[in-house]
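Chemist: This is the structure I have questions about; it appears just below.
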Amino acid sequence: MGQLRVTKIEARTPSVIGPSRRVTMLLLFVSLFAFASRGAAEPSAVIGRSAFPRPLAEYHDEETNSAISQLIHRAQVEPFNLIATLIFFCAIVHTFLTSTFTKLGRRYEHEFDALEPRELDSEIGKKVARRRDKLQFRAQFFSLLGEVEAVFGVWASTTISGDYTDERLARPSYLQREY
């Protein structure tokens, strides 16, 4: 008689990295939409508001002898210049750290995968499941930060949101028109 052969089918947990591309694309589209809608608004058209960004001639800093003193003067005249400079600096640093973030994301993903067999243990299963949840979040988060495309989305949206918190740009001009 023939023997019945039982094979074990192992379920593979889907990769935790896949959704990061979708999140990156979503951030990119939201940033582009916000940027495009910002261009439609004309803050200088509202009575009592100055043009933004301020024209360079209005800074009156042609006689300054260094770039640092010029930045300090422009930050005093227009405080958003300091915020935009800091955001730009963070974006540059983030660009150089993308490979580090990617490595961290992969490390967390490997730890996540390694804990899968231990999650089935009845004694420590709940602790391992909580640990795996944290690792999954970290893997996705750092993989997203490691995407070069995400650098643009993260920092463009930060700049735009900072731009709209300025009291002159709190609401686009088309929302402030009286009909």
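The values are calculated or read from the model by the stated rules, or taken from the named source; none is laboratory data. Being a predicted model, the structure only gives us computed values, none of them experimental. Cβ coordinates were reconstructed from backbone atoms using ideal geometry, including for glycine residues, and neighbour counts include every protein chain displayed.
Chemist: Being at pLDDT below 85, small (Gly, Ala, Ser) and in a helix (DSSP H, G or I): is that true of Gly48 here?
Modeler: Details: at pLDDT below 85: yes; small (Gly, Ala, Ser): yes; in a helix (DSSP H, G or I): no.
So Gly48 fails the test.
Chemist: Please note which helices (runs of 4 or more DSSP H) are completely contained in the range 76-179 and include at least 3 residues that are basic (Lys, Arg), more than 30 Å from Tyr59 (Cα to Cα) and at pLDDT 85 or above.
Modeler: On the way: elements: 80-114, 116-119, 125-146, 148-165, 173-176.
Because the criterion is at least 3 residues that are basic (Lys, Arg), more than 30 Å from Tyr59 (Cα to Cα) and at pLDDT 85 or above, the helices (runs of 4 or more DSSP H) in the range 76-179 that meet it are 80-114, 125-146.
Chemist: If you check Thr64 against the conditions, is it within 27 Å of the chain's Cα centre (by Cα) and at pLDDT 60 or above? Spell out the reasoning first.
Modeler: Values: within 27 Å of the chain's Cα centre (by Cα): no; at pLDDT 60 or above: yes.
It is false that Thr64 is within 27 Å of the chain's Cα centre (by Cα) and at pLDDT 60 or above.
Chemist: Of everything in the range 120-143 that's farther than 30 Å from Leu97 by Cα and either of a type in the set (Asp, Glu) or in contact with a Gly (Cβ under 8 Å, 6 or more places away or on another chain) (or both), which residue is surrounded by the most Cβ atoms within 10 Å (Cβ to Cβ)?
Modeler: Asp121
Chemist: Moving on. Hey, can you tell me all the residues within the range 109-123 that are within 24 Å of Val148 (Cα to Cα) and without any contact (Cβ under 8 Å) to a residue 40 or more places away in the chain? Before you say what the answer is, go through the steps one by one.
Modeler: Start the filter on the range 109-123 by keeping residues that are within 24 Å of Val148 (Cα to Cα), which leaves 109-112.
Residues satisfying the conditions are His110, Glu111.
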